[in-house]
Amino acid sequence: MIAEAIILAITYESKVFLAPRPQPCAGQLSNDRMAAGRARPALAKPRPAPKQGSEMDTLLAGIALFALALLLGGMVFFAAVVAPRAFRALPPEMAGRFVRHLFPAYYLYLLGCSAAAAVALFPLAKPAAGIMAAVAGLGLWLRQVLMPRINAASDAAKAGRAEAEPVFHRLHRLSVIANLLQMAAAGAVLALFAAG
């Protein structure tokens, strides 16, 4: 009887030992860990947590790209199409008045697009946001300070004051250079941001 019990025990132990063990699933306790006295759940490989603010980053990136594209497109269109076409199609006096009336709206457009791009870029890329804030600030200065001086010099030159004409040309050249700098800055930020 004792011999039969020993044989039964050995047979049972060998079946248990040789039987394939199921792999623990998430939330189940591993038999090995339980046997070792470390009863911890055997979890599946953890998934990485989603990035915080990724939806907001995508929205801000979309706003920034849209504002940059509007800004650069509007600046290029005005400089390459509107102003030259006006001076070709209209007499010089009328073309000058036409462009002069467009400039306040043009600079507001430039200011709005570049400020929107700066705000949208600030959480994403602070140097790019700083560049766009500088573009907006330069646009404000051009509209509020330089443009009235250019208009005053133009009016004085048309009234016959000879000393006003070189002042007008110098201020006009300064506005063209500032506008080209703004275009280059907006284009660089757009290219870098779109590529990154």
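The values are calculated or read from the model by the stated rules, or taken from the named source; none is laboratory data. A quick note: this is a predicted structure, and the numbers were derived from the prediction, not measured. Neighbour counts are summed over all protein chains in view; Cβ atoms, including those assigned to glycine, are modelled from backbone coordinates with ideal geometry.
Only one of the numbered conditions (1) without any contact (Cβ under 8 Å) to a residue 40 or more places away in the chain; (2) of a type outside the set (D, E); (3) closer than 27 Å to G62 by Cα is not met by V189, and that is (1). The residue of region 151-174 that is surrounded by the most Cβ atoms within 10 Å (Cβ to Cβ), among those that are under 34 Å from the mean Cα position of the chain (by Cα) and under 20 Å from E93 (Cβ atoms), is L171. Applying the selection to region 63-93, what residues are over 19 Å from I131 (Cβ atoms) and surrounded by 11 or more Cβ atoms within 10 Å (Cβ to Cβ)? Passing the criteria: F77, F78, A79, V82, A83, P84, R85, A86, F87, L90. Is it true that some residue in region 105-123 is farther than 30 Å from E55 by Cα and surrounded by 14 or more Cβ atoms within 10 Å (Cβ to Cβ)? For region 105-123, residues farther than 30 Å from E55 by Cα and surrounded by 14 or more Cβ atoms within 10 Å (Cβ to Cβ): present.
Can D57 be described as out of contact with any Asp or Glu (no Cβ under 8 Å at 6 or more places or on another chain), modelled with pLDDT of 55 or more, of a type in the set (D, E) and surrounded by 11 or more Cβ atoms within 10 Å (Cβ to Cβ)? In short, yes. Within region 154-185, the residues that satisfy the criterion of being small (G, A, S) and either at negative phi or in a helix (DSSP H, G or I) (or both) are S154, A156, A157, A159, A162, A164, S175, A178, A184, A185.
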